[in-house]
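Some notes on the structure that comes next.
The values are calculated or read from the model by the stated rules, or taken from the named source; none is laboratory data. As the structure is a prediction and not an experimental result, all values here were calculated from the model. All Cβ positions, glycine included, derive from the backbone under ideal geometry; neighbour counts span all protein chains shown. Note: areas computed on protein heavy atoms with side chains; ligands, DNA, RNA excluded. Shrake-Rupley method; radii C 1.70, N 1.55, O 1.52, S 1.80 Å.
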Amino acid sequence: MALLHVTSPHMSRAGDTGSVMRHVLLALIPGIVVMTALFGWGTIVNIIWACLLALGMEAMVMRLRKRPPMFYLRDCSALVTAVLLAVALPPYAPWWLVVVGIGFSILVAKHLYGGMGYNPFNPAMVGYVVLLISFPVEMTQWAAPAGSIPDQAPTLGPLSALAASFPFLSSTPVDAFTMATPLDVFKQNDSLMVDELFASSPQFGRFGGYGWEWVNIAFLLGGAYLLYKRIFTWHAPISMLAALALMALIFNDSGSSASGGSPAFHLFTGATMLGAFFIVTDPVSSAVSNIGRLYYGAGIGVLIYLIRSFGNYPDAVAFAVLLMNFAAPLIDHYTQPRTYGHKDHKSHNEDRGPK
Amino acid sequence: MNAPHKKGQTWDIHGGIHPPENKTQSLGKPIMQAAVPAQLILPLSQSIGAPAEPCVEPGEHVLKGQLIAQAAGFVSVPLHAPSSGRVTAIEDRPIAHSSGMSAPCIVIDTDGEDRWGERTPIADYTAVERTELINHIRNAGIAGMGGAGFPTAVKLNPPADKPITTLIINATECEPYITADHALILERAGDILQGVDVLTHLLQPARILIGLEDNKPDAAAALRDSLRDRPYQVIEFPTKYPSGGEKQLIEILTGKQVPSGGLPADLGIVCQNIGTCYAIKRAVVDGEPLISRITTLTGNALKTLGNTEVLLGTTMQTLLEAHGWQPTPQSRLIMGGPMMGFTVHSANVPIVKTTNCLLAPTAEELPPPHLAQACIRCGMCAEACPASLLPQQLYWYSRAREYEQLEAHNIADCIECGACSYVCPSNIPLVQYYRASKAELRERAEEHIKAEHSRQRFEFRQERLEAAEREKEAKKAARKAAAAKRAAQKEASTPDGDNSAATAKQAEIEAAVARAKAKKVGIGQPAHSDDNEVGN
């Protein structure tokens with residue numbers, strides 16, 4: 001009788017790519033809750049709309065590529081891309097902004113490059129950068145965090161949030177109360193000492209952006225959960241945070257008007273923690289070895305600081321990540337770990353010898 | 001070689017995994033004795049190296065322990081009759097191989113008497129010649145019992161420039177489910193240590209380390225209890241798969257890594273499996289060749305689980321049926337463990353010297369593999385790899401058939417332990433890709449050697465042809481010169497005989513010089529002319 005023929009190993013650890021992605025989605029919840037508390041329901045509307053679009057587009061592409069859509073949708077990677085882009089967009093972003101962003105993320109950055117696992121660039125960040133460059137006005141309209149201005153109206157609830165993003169659904173126009181982000185204000189400042197700036201502008205909290213401190217702490221918590229679950233290793237995120245903090249320390253100059261901002265300010269303002277634990281850790285577009293990921297993370301940390309302080313854009317996570325995505329193959333080339341029984345790291349060139 | 005370090009100190013290896021052990025179900029009972037089957041099928045090749053050459057004829061009656069096939073060369077082991085009976089055939093039979101192939105086997109119909117032939121114990125092995133003792137072990141047909149099956153005697157003959165300082169006895173048994181070594185230690189620790197004594201006598205190492213995982217404290221205790229005044233160290237280290245790989249165990253116990261492409265002997269180390277030590281004791285002290293082994297029978301598809309001492313050549317079918325196995329076409333039968341073992345195509349294949357385990361799982365126990373998803377480069381495989389490779393890079397290069405990159409990423413150092421596949425969240429059969437790539441690389445290397453040979457043959461032929469051509473030309477020239485000389489002679493008629501003789505001599509010398517010149521040029525030129533040839 002012919003028996004079942006299977007190659008070794010015959011055991012495998014429980015779990016699949018889908019479960020990895022679901023852990024990531026779970027870890028995003030604290031950050032999303034804090035953002036909703038601060039900015040109202042705009043974030044939730046963004047997320048739901050982005051997820052629907054991403055699933056629809058992924059299914060469509062899979063049908064076009066003649067693959068079973070459900071098998072690929074189950075890996076939840078489209079959902080992760082959608083949620084990451086959605087939380088990076090300003091709450092109450094117009095509906096079409098999300099369509100363009102997700103379109104670029106899923107159709108161009110992911111599937112035109114070969115689909116899951118083959119994309120050299122982080123899809124969510126590609127979508128984000130396309131939007132930032134193409135629609136700078138819509139992309140910089142951030143809602144004011146609740147409580148930053150004493151007599152501010154309450155943040156928008158679910159229905160008003162829906163109406164703000166889909167104006168054609170409502171007869172009366174709804175507008176969220178917007179203001180410049182703390183990184184923006186900090187960048188524009190050239191006359192006030194850092195202490196004075198913190199005291200005078202509603203954008204600032206204890207050491208970071210008002211409210212943004214909590215957003216960052218929430219994403220940090222989610223990241224700690226993923227580290228604990230061993231979804232990724234510490235190398236890339238910690239290296240990025242350390243490099244960013246180090247750069248901030250070097251250029252801090254004890255808080256003059258020319259200061260670049262303290263390490264705490266940079267770590268807990270803007271998209272730092274979201275970037276460190278949810279973007280930099282995207283395995284597909286990062287370096288592959290642990291040593292490589294140290295360089296990769298550090299490069300992103302340095303670039304974030306440089307672009308934030310000396311570039312034209314207030315925040316820089318997306319640009320920094322994309323630039324280092326370019327560098328990942330080069331890093332891989334030079335950071336191959338020492339194999340068992342070999343004397344040292346082998347560079348590929350030495351290995352080939354003369355032709 | 002003897003770096004100063006704490007006695008019993010261990011080192012950690014990179015990577016490794018902790019799969020469910022599933023060892024308890026086959027432990028706790030004494031080792032069973034499998035019945036002598038009606039027929040024994042003995043493949044001539046049961047270990048690494050050349051197949052043995054039969055030295056019996058069909059129809060011949062053999063006794064238990066009688067030599068039935070001789071070693072064919074240095075890296076080869078002989079074969080003995082596991083029971084008495086009649087040789088009925090020497091022919092191709094299906095053997096336990098992942099491809100389901102057939103190979104030459106000696107078939108013996110047993111007579112049920114199980115009558116021993118002459119046994120040749122060595123009363124005092126310290127009194128015999130070293131080479132004689134090694135030959136005795138070789139003639140007993142012993143090959144590594146841990147699963148790889150490397151001829152044991154070969155390892156006992158280290159090169160003279162590489163003295164052995166450390167003897168490592170591998171009792172790790174890191175694969176899930178397998179408990180053959182464990183059971184053997186619990187029951188026969190004293191015998192095993194006698195085998196280690198023989199190895200110690202042969203190799204004269206400075207230290208003897210017996211390594212095992214800390215998941216079998218009873219085995220460690222049994223060994224320590226039997227040590228008496230022997231200076232052997234029994235070293236336990238944290239359980240982690242694949243600590244029992246030879247290279248991994250050496251690093252765990254000595255902190256050193258076997259150089260890539262090298263042998264443990266390069267570090268002054270010889271590593272032997274604990275089951276091999278037992279076989280050596282049986283061969284030297286009891287005079288019995290290797291004709292049986294301890295095999296773990298496990299998996300939920302069996303009714304009775306445990307370890308059994310079984311005659312080599314017993315078919316898996318016979319053995320498993322006695323343990324309540326009722327296979328269906330969807331049954332999986334694995335020889336070896338769940339990590340590195342392979343499925344056999346049919347159970348009608350014989351137990352061989354390397355069959356340390358038969359795993360007959362139910363579909364719930366080891367479900368069929370999931371469909372592979374896309375690699376997301378998560379790097380869990382690199383975390384798990386005990387050889388510090390980058391499995392996901394090897395996977396991409398294997399798919400792309402980039403052989404130079406595969407070699408640059410040291411695919412040859414992959415030990416195929418399966419840790420990468422085990423942790424892969426996308427369920428990619430990584431090891432299968434590496435096996436295919438390694439086979440392809442081997443083929444390419446052979447092709448390369450072949451091509452090099454034919455190139456050399458071509459050049460040689462080319463050179464020979466040209467040399468012949470030149471010789472012909474030279475002869476032609478000589479004939480021409482001779483003809484010219486004769487004509488000159490005729491013309492000169494006979495005015496001066498002396499002169500003409502001198503001219504003739506002159507012409508002859510010239511012709512010889514021309515010949516020699518042609519030859520010389522012929523030797524100097526061929527490489528050049530061949531280049532042109534190849535260029536065309």
Being among the small types (Gly, Ala, Ser) and within 14 Å of chain B (Cβ to nearest Cβ) is the filter here; which residues of the range A:208-251 pass it?
A:Ala236
Test of understanding: among A:Thr155, A:Thr181, which residue is touching a Ser or Thr at 6+ places or on another chain (Cβ under 9 Å), buried (at least 21 other Cβ atoms within 10 Å of the Cβ) and over 19 Å from A:Gly270 (Cα atoms)?
A:Thr155
When every residue in the range A:104-144 that is modelled with pLDDT under 90 and open to solvent by less than 10 Å² (accessible area, probe 1.4 Å) is compared, the one farthest from the other protein chains (Cβ to nearest Cβ) is A:Ala144
Counting only residues in the range B:371-386 that are in a helix (DSSP H, G or I) and more than 9 Å from chain A (Cβ to nearest Cβ), the one farthest from B:Cys174 (Cα to Cα) is identified as B:Cys381
Could you tell me whether the range A:1-9 includes any residue that is surrounded by 16 or more Cβ atoms within 10 Å (Cβ to Cβ) and either among the acidic types (Asp, Glu) or not in a loop (DSSP other than H, G, I, E, B) (or both)?
no
Could you go through the range A:253-270 and let me know if any residue there is at pLDDT 90 or above and among the hydroxyl-bearing types (Ser, Thr, Tyr).
no
For the range A:1-27, give me the residue count where each residue is touching a Leu at 6+ places or on another chain (Cβ under 8 Å) and more than 10 Å from chain B (Cβ to nearest Cβ).
4
Every residue in the range B:310-321 that is open to solvent by 20 Å² or more (accessible area, probe 1.4 Å) and of a type in the set (Val, Ile, Thr), please.
B:Thr318
Which one of A:Val284, A:Val280, A:Val302 is more than 30 Å from B:Asp266 (Cβ to Cβ), among the aliphatic types (A, V, I, L, M) and more than 14 Å from chain B (Cβ to nearest Cβ)?
A:Val302
Out of (1) surrounded by fewer than 22 Cβ atoms within 10 Å (Cβ to Cβ); (2) under 30 Å from B:Pro158 (Cα atoms); (3) over 22 Å from the mean Cα position of the chain (by Cα), what's the single condition that is false for B:Gly65?
(1)
In this structure, does A:Ala59 turn out to be within 14 Å of chain B (Cβ to nearest Cβ), among the aliphatic types (A, V, I, L, M) and free of Cβ contacts under 8 Å to residues at least 40 places away in the same chain?
no
Take the range A:204-215 and flag every residue that is modelled with pLDDT of 75 or more, farther than 22 Å from A:Gly157 by Cβ and of a type outside the set (Phe, Trp, Tyr).
A:Glu213
Restricting to the range A:195-224, name every residue that is crowded, with 18+ Cβ neighbours inside 10 Å and either in contact with a Cys (Cβ under 9 Å, 6 or more places away or on another chain) or in a helix (DSSP H, G or I) (or both).
A:Leu197, A:Phe198, A:Trp212, A:Glu213, A:Trp214, A:Val215, A:Asn216, A:Ala218, A:Phe219, A:Leu220, A:Gly222, A:Gly223
Among helices (runs of 4 or more DSSP H) lying entirely in the range A:77-159, which contain 1 or more residues that are among the acidic types (Asp, Glu) and on the phi > 0 side of the Ramachandran plot?
none
Just give me the residues in the range B:323-338 being small (Gly, Ala, Ser) and surrounded by fewer than 19 Cβ atoms within 10 Å (Cβ to Cβ), in sequence order.
B:Gly324
Which residue out of B:Ile178, B:Ile185 is part of a helix (DSSP H, G or I) and crowded, with 20+ Cβ neighbours inside 10 Å?
B:Ile185
With the checklist (1) of a type in the set (D, E, K, R); (2) within 13 Å of chain B (Cβ to nearest Cβ); (3) open to solvent by 50 Å² or more (accessible area, probe 1.4 Å) in hand, flag the one item A:Lys66 doesn't pass.
(2)
Criterion first (touching a residue at least 24 places away in the same chain (Cβ under 8 Å), more than 14 Å from chain B (Cβ to nearest Cβ) and either aromatic (Phe, Trp, Tyr) or touching an Asp or Glu at 6+ places or on another chain (Cβ under 6 Å) (or both)) does A:Leu97 satisfy it?
yes
Go over the candidates A:Ala37, A:Ala78 one by one and state the one that is assigned by TED's automatic domain parsing to the domain that holds A:Gly103, in contact with an Asp or Glu (Cβ under 9 Å, 6 or more places away or on another chain) and small (Gly, Ala, Ser).
A:Ala78
Matching residues in the range A:248-262 (without any contact (Cβ under 8 Å) to a residue 60 or more places away in the chain and open to solvent by 30 Å² or more (accessible area, probe 1.4 Å)) number 6
Residues that are out of contact with any strand residue (DSSP E or B) (no Cβ under 7 Å at 6 or more places or on another chain), within 13 Å of B:Pro78 (Cα to Cα), in a loop (DSSP other than H, G, I, E, B) and small (Gly, Ala, Ser), drawn from the range B:127-162:
B:Ala140
Restricting attention to the range A:35-43, does a residue exist that is without any contact (Cβ under 8 Å) to a residue 12 or more places away in the chain and away from every other protein chain (no Cβ under 14 Å)?
yes
